[in-house]
Amino acid sequence: METVPYEPYVAEIDRLIRRVSFVIKCRGRDILEEFHITTPQFNALLVLRENAGMTIGDLGSRMYLASSTATDLIDRMERDGLVARERDSSDRRVVRLRMLEKGHEMIRQVLENRKRYLNELLSKLSREEIEALKKSLESLYILMKPGL
């Protein structure tokens, strides 16, 4: 492997990304607990918001879940009034998922709390630091995205 001129920074940047990611993950879990929803349930709501009318199988594939796990997840979410199963009007054998108003509201409230938390942190930085951080994160994401 060829040595790059940025090698002294790579380990430290990797460490910092992992630490920030861990803190965000922990704080995100705390916020979800406040709303009595699990991380997989919230992630499923986000997927359903972007892909209205998908099947449980589609959801499971998108989230890399076994079919039985996706079914159990939807069972709990349906019981909690977040989603509904509906027969496809053109093929009654197909069951589609529809996010209910409570699911949409859950996403809105959770994301609002996450933004509030991040706003509190960013308020301690200067505008220039925030803009530099945003630009750096965008650049890194652009470089990473083709690998997804």
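Coordinate-derived values only; no laboratory data. Everything quoted here is computed from the prediction, not taken from an experiment. Glycine gets a Cβ as well: all are built from the backbone with ideal geometry, and neighbour counts include every protein chain shown.
Quick notes on this structure:
- Relative to the compact-globule estimate of 2.2 N^0.38 Å, the Cα radius of gyration of the chain comes out at 1.33.
- Axis angle, to the nearest 10 degrees, between helix 7-34 and the longest C-alpha principal axis of the chain: 40 degrees.
- Max mean-square fluctuation residue, GNM over the chain, Cα-Cα springs under 10 Å, options 88, 58, 14: 14
- Alpha-carbon centroids, region 102-138 and region 10-52: separation in whole Å: 13 Å
- Inter-site label distance for residue 23 and residue 130 at 7 Å from Cα along Cβ, in nm: 1.7 nm
- For region 24-122, the list of chymotrypsin sites (Phe, Trp or Tyr not before Pro) that fall in a loop by DSSP and count at most 12 other C-beta atoms within 10 angstrom reads 64.
- Within a Gaussian network of the chain (alpha carbon springs, distance under 10 Å), most fluctuating of 98, 15, 114: 15
- Entry note, region 17-147: relative contact order of 21 percent, from Cα contacts under 8 Å with a spacing of 6+ residues.
- Proximal lysine pairs, the chain, alpha carbons under 29 Å, eight or more residues apart or interchain: 15
- Segment residue 111-residue 34, length gained on full extension (0.36 nm per residue, minus Cα span): 26.5 nm
- Among 43, 51, 119, the largest mean-square fluctuation in a Gaussian network model of the chain, built with springs joining Cα atoms closer than 10 Å, belongs to 119.
- Chain lengthening between residue 68 and residue 9 when straightened (0.36 nm per residue, less Cα-Cα): 16.9 nm
- Legend: calculated FRET efficiency, residue 58 to residue 89, from the Cβ-Cβ distance at R0 = 25 Å, rounded to 0.05, equals 0.90.
- Between amide H atoms placed 1.01 Å from N, distances below 5 Å from residue 100 occur with 83, 84, all of them 5 or more places distant or on a separate chain.
- Helix 101-122 and the longest principal axis of the Cα set of the chain meet at an angle near 10°.
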